[in-house]
């Protein structure tokens with residue numbers, strides 16, 4: 001059985017740190033200006049929460065990779081903005097439209113083309129990190145969020161269509177998503193679990209991941225090649241809780257609950273990915289399912305624009321940043337590891353919130369429902385944009 005290892009020394013290569021315990025928090029006090037490679041050396045990978053054709057073709061993505069960017073995430077809202085904001089996709093839509101492709105076929109061709117191209121640019125990162133980083137994520141149709149069978153079918157299709165080892169299929173952490181995640185992991189499909197808002201959601205999806213690995217191992221499959229991240233949406237929780245705190249006249253806890261919630265997820269990560277059950281899988285080459293901090297732009301302009309980056313640095317984590325937040329972080333972000341003292345403060349913040357009568361479970365449940373609805377709306381708008389352009393090109 002491997003001994004305990006110091007988290008801050010990790011360069012987050014695969015299968016390292018099979019035994020991780022809360023006592024491994026390092027009291028790292030140094031603060032230096034942000035450098036993505038140095039941050040990776042501390043154990044956290046920075047990904048970009050954005051994708052577009054121009055980002056890829058202009059060389060901008062390659063430039064970010066050269067600076068230490070280690071992955072990309074996308075969602076229906078991002079693709080909707082990319083397609084509707086300019087003419088980058090018009091030539092492809094025109095060609096596909098006149099060839100008789102349906103709107104759904106055109107949508108798939110556009111998004112899978114971008115994801116493949118981005119994955120190819122990130123492939124050297126994937127190879128250099130032994131499959132820890134270098135991924136691009138593509139989401140299943142959000143209208144399938146409450147349909148486990150439909151999610152499984154589409155995820156299989158997208159993963160096979162993309163045909164790249166360094167892609168994640170995004171599956172929401174809904175009640176229907178949990179069994180889908182277990183099945184897909186057991187089939188060797190890389191999964192980015194999205195729309196996590198609560199510790200209880202995280203516990204359910206981490207169990208699905210581990211159970212999926214166990215099922216795959218029992219069938220004689222290779223579990224060392226399967227990867228997954230658990231995407232906790234951070235800033236939206238502060239937006240919701242702050243509104244309740246404002247009504248209660250409490251300013252002390254405003255801007256603190258989202259980070260506290262994320263830190264509790266990290267604490268559970270340390271507990272779940274240790275012990276005999278995990279060690280058995282780790283001995284077969286299994287990778288930990290890293291927590292990924294999503295929705296990390298500061299929605300409240302009164303808060304520091306790098307709040308949800310500076311406060312959540314620890315080994316075995318990913319932070320995916322929209323372009324403006326990435327720019328801010330590169331300019332004036334900090335590099336300070338979470339400490340045990342930080343964790344205790346966060347526990348106290350959550351305890352005080354409960355004493356005020358603010359029901360965080362009800363808030364996170366609503367955030368999940370709202371998140372599913374928002375992505376479904378964005379997906380419908382994206383398909384509508386493609387349909388309008390398709391019709392225009394076909395009638396010319």
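Computed from Cα positions, the angle between helix 257-272 and the longest principal axis of the chain comes to roughly 80 degrees. Rounded to the nearest 10 degrees, the angle from helix 199-218 to the longest Cα principal axis of the chain is 70 degrees.
Only counting other Cβ atoms within 10 Å, I'd like 278, 293 sorted with the fewest neighbours first. Intermediate values should be presented prior to the final figure.
On the way: 278 19, 293 27.
Going from least to most buried by this count: 278, 293.
Exposure proxy check: 295, 239, 87 ranked by fewest other beta carbons within 10 Å?
On the way: 295 23, 239 14, 87 9.
Ordered by Cβ neighbours within 10 Å, fewest first: 87, 239, 295.
A straight chain from residue 380 to residue 361 at 0.36 nm per residue would run longer than the Cα-Cα distance by 4.0 nm. Look at [x] 44, 26, 19; [y] 46, 25, 23; [z] 32, 25, 21: the one that is semi-axes √(5λ) of the Cα gyration tensor in Å derived from this structure is [z].
Between 0 and 90 degrees, the angle of helix 340-355 with respect to the longest Cα principal axis of the chain falls at about 80 degrees.
Here, each number is a calculation from the coordinates, and none is a lab measurement. On a predicted model such as this, the values are computed, not experimentally measured, just so you know. Note that each Cβ is placed from the backbone with ideal geometry, even for glycine, and that neighbours are counted across all protein chains shown.
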